[in-house]
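Peer 1: My questions all concern the structure below.
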Amino acid sequence: MSYIITEAKIFSCTQSTALAQKIASAYGTELGNVITSTYSDGEFQPSYEESIRGTRIFIIGSTNPGPENLMEMLLMIDAAKRASARHVTAVIPYFGWARQDRKDKPRVPIAAKLVAKMLETAGATRIITMDLHADQIQGFFEKPVDHLFASTIFLPYLQSLNLDNLMIASPDMGGSKRAYAYSKALECDVVICYKQRAKANIISHMELIGDVKGKNVVLVDDMVDTAGTLTKAADLMMERGALSVRAICTHPILSGNAYKNIESSQLQELIVTDSIPLKQKSDKIRVLTCADLFASVMHNVQYNRSISSKFIM
């Protein structure tokens with residue numbers, strides 16, 4: 001007896017609607033109908049306004065703080081499970097709370113694992129995400145995780161710039177593996193910034209390991225929050241003789257004074273994806289969409305095809 005695969009349905013969390021519409025269009029369908037009711041005290045309730053019984057559904061939504069984004073994803077997963085969806089795939093372009101992936105001092109939580117367990121308990125049967133803050137977060141899940149790399153988006157753009165004397169840079173020691181992977185693909189050298197923090201989001205000292213004189217430097221990181229590290233690194237590299245400094249960051253969190261820091265820095269360009277919607281526009285920020293990447297992977301997942309060709313590194 002042959003098994004018939006029913007068509008998948010795609011739904012969106014509130015804050016990721018723009019990206020979800022692009023993904024659905026690239027997938028070749030329309031977003032499913034879901035409405036969210038809100039009580040006067042702030043409690044909200046998502047509701048699927050069409051049958052999802054026996055189907056695979058994709059729920060698209062980044063879980064960046066505040067907590068409402070994560071809570072909405074959990075409620076939509078739970079509602080889908082209770083509506084007898086066959087598979088519930090959480091498509092999380094930016095997996096929030098990922099910086100808390102270990103105990104770096106006594107009496108603190110490991111929030112990334114807590115979030116993973118919450119998603120599974122809610123009913124997610126698969127996770128699709130992009131550029132986790134730490135690769136080992138995949139091990140916090142018991143369900144399959146498709147961890148995509150934004151390098152499939154960024155590398156073609158970098159190659160199109162045709163920059164001479166290109167050099168890849170990591171803004172900290174933790175990102176050196178990512179920087180080396182980019183340098184290998186682009187056949188260029190790497191420099192690393194060594195930084196010390198007074199506390200979260202505040203840098204007390206930064207030093208450069210390597211020579212950037214006469215180079216067009218591209219800083220590579222998984223996220224940009226207050227942009228303090230990136231802008232300080234860019235200014236330092238220009239002081240050391242770099243011809244230009246660009247930055248590639250997958251997830252544009254851009255909180256606090258981020259936009260002001262970017263505008264006043266010597267960064268020539270900040271290149272990001274649309275995993276998180278920008279709060280405001282800036283002439284220095286270029287957004288490359290990740291919709292085609294997610295749509296292609298979702299299509300292959302739906303029809304049980306390999307997605308290994310989607311990984312560059």
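The values are calculated or read from the model by the stated rules, or taken from the named source; none is laboratory data. In this text, all values refer to a predicted model and were calculated from it rather than measured experimentally. Because the Cβ atoms are built from the backbone with ideal geometry, glycine has one as well, and the counts that use them run over all protein chains shown. Surface accessibility is based on the protein's heavy atoms, side chains included, excluding ligands, DNA and RNA. Shrake-Rupley method; radii C 1.70, N 1.55, O 1.52, S 1.80 Å.
Peer 1: So for the pair Gln136, Arg99, with labels modelled 7 Å out along Cα→Cβ, what separation do we get in nm?
Peer 2: Going from the Gln136 label point to the Arg99 one covers 1.9 nm.
Peer 1: A further question on this structure: Under a straight-distance cross-link criterion of Cα-Cα below 12 Å, which aspartates and glutamates are reachable from Lys310, leaving out those fewer than 8 residues away in the same chain?
Peer 2: Qualifying aspartates and glutamates at Cα under 12 Å: Asp146, Asp292.
Peer 1: How many Å² of accessible area per residue for the chain, probe 1.4 Å?
Peer 2: Details: 14950 Å² over 313 residues.
Ligands and nucleic acids excluded, the figure is 48 Å² per residue.
Peer 1: May I pose another question? Taking the convex hull of the Cα atoms, report for region 140-187 its projected area averaged over all directions, in nm².
Peer 2: Approximately 4.6 nm², given one-decimal rounding.
Peer 1: What percent antiparallel are the DSSP beta bridges of the chain, to the nearest 5? Could the numbers behind the result be given before it?
Peer 2: Numbers: 12 of 53 bridges.
Bridges in the chain are about 25 percent antiparallel.
Peer 1: Given a Förster radius of 35 Å and the C-beta distance between Met173 and Thr17 as r, what FRET efficiency does 1/(1 + (r/R0)^6) yield to the nearest 0.05? Display every interim value, and only then the final one.
Peer 2: Numbers: r = 37 Å, r/R0 = 1.06.
With a Förster radius of 35 Å, E is 0.40.
Peer 1: Next question, about the same structure. Can you give the Kirkwood hydrodynamic radius for the chain, in Å, rounded to one decimal and based on Cα pairs?
Peer 2: Evaluated on the chain, it is 20.6 Å.
Peer 1: In terms of modelled amide H atoms, which long-range or inter-chain residues lie less than 5 Å from the amide H of Val91?
Peer 2: Result for Val91 returns Ile59, Ile60, Gly61, Ile128.
Peer 1: Among Asn261, Leu74, Ile10, which residue has its Cα positioned farthest towards the positive end of the charge dipole of the chain, with +1 placed on the Cβ of Lys and Arg, -1 on the Cβ of Asp and Glu, and the dipole taken about the Cα centre?
Peer 2: Leu74
Peer 1: Which whole-number percent of Cα pairs in region 1-100 have a distance greater than 21 Å?
Peer 2: Working: 1676 of 4950 pairs.
For region 1-100, the share of Cα pairs beyond 21 Å comes to 34 percent.
Peer 1: Output the Kirkwood hydrodynamic radius of region 141-230, Cα pairs only, in Å rounded to one decimal. Mind showing how you got there, number by number?
Peer 2: Numbers: mean 1/r = 0.0692 Å⁻¹.
One decimal place: 14.5 Å for the Kirkwood radius.
Peer 1: Please compute one quarter of the surface area of the Cα convex hull for region 98-185 and express it in square nanometres.
Peer 2: Working: hull surface 29.2 nm².
Seen from a random direction, the Cα hull of region 98-185 projects 7.3 nm² on average.
Peer 1: Also, I was wondering about something else. Mind grabbing the accessible area of Tyr39 for me, 1.4 Å probe, Å², rounded to tens?
Peer 2: Tyr39 exposes around 120 Å² with every protein chain in place.
Peer 1: Given H placed 1.01 Å from N in the peptide plane, which residues other than close sequence neighbours of Val191 have an amide H under 5 Å from its amide H?
Peer 2: Ile168, Ala169, Ser170
Peer 1: Tell me what the chain gives for mean residue ellipticity at 222 nm when only DSSP H runs of n ≥ 4 count, each as -39,500 (n - 2.57), the sum divided by the residue total, rounded to 500 deg cm²/dmol. All intermediate terms of the calculation are to be shown ahead of the outcome.
Peer 2: On the way: 8 runs with 92 residues, N = 313.
So the helix-based figure for the chain works out to -9000 deg cm²/dmol.
Peer 1: With +1 on each Lys and Arg Cβ and -1 on each Asp and Glu Cβ, and nothing else charged, work out how big the dipole of the chain is about its Cα centre, in Debye to the nearest 20. Before the final figure, lay out the partial values.
Peer 2: Values: 34 positive and 32 negative charges, 121 e Å.
So the magnitude is around 580 debye.
Peer 1: On the accessible surface of the chain, probed at 1.4 Å, how many percent belong to carbon and sulfur atoms? Each step should come with its number before you reach the end.
Peer 2: Details: 7340 of 14950 Å².
On the chain, the fraction of accessible area on carbon and sulfur atoms equals 49 percent.
Peer 1: To continue, here is another question. Pop out the ³J(HN,Hα) list for region 256-267 in order, Karplus 6.51 cos²θ - 1.76 cosθ + 1.60 with θ = phi - 60°, rounded to Hz; leave Gly and Pro as x.
Peer 2: Couplings: x, 8, 4, 5, 5, 4, 5, 5, 8, 8, 9, 5 Hz.
Peer 1: While we're on this one: With r defined as the distance between the Cβ atoms of Ile209 and Gln280 and R0 fixed at 51 Å, what FRET efficiency is calculated, to the nearest 0.05?
Peer 2: Numbers: r = 34 Å, r/R0 = 0.67.
Efficiency computed from Cβ-Cβ geometry: 0.90.
Peer 1: Give the percent of DSSP beta bridges with both residues in region 182-285 that are antiparallel, rounded to the nearest 5. Working shown, then result.
Peer 2: Details: 7 of 19 bridges.
Roughly 35 percent of the DSSP beta bridges within region 182-285 come out antiparallel.
Peer 1: Hey, another quick one. By DSSP, what percent of the beta bridges with both residues in region 1-98 are antiparallel, rounded to the nearest 5?
Peer 2: Details: 5 of 15 bridges.
Bridges in region 1-98 that DSSP calls antiparallel: roughly 35 percent.
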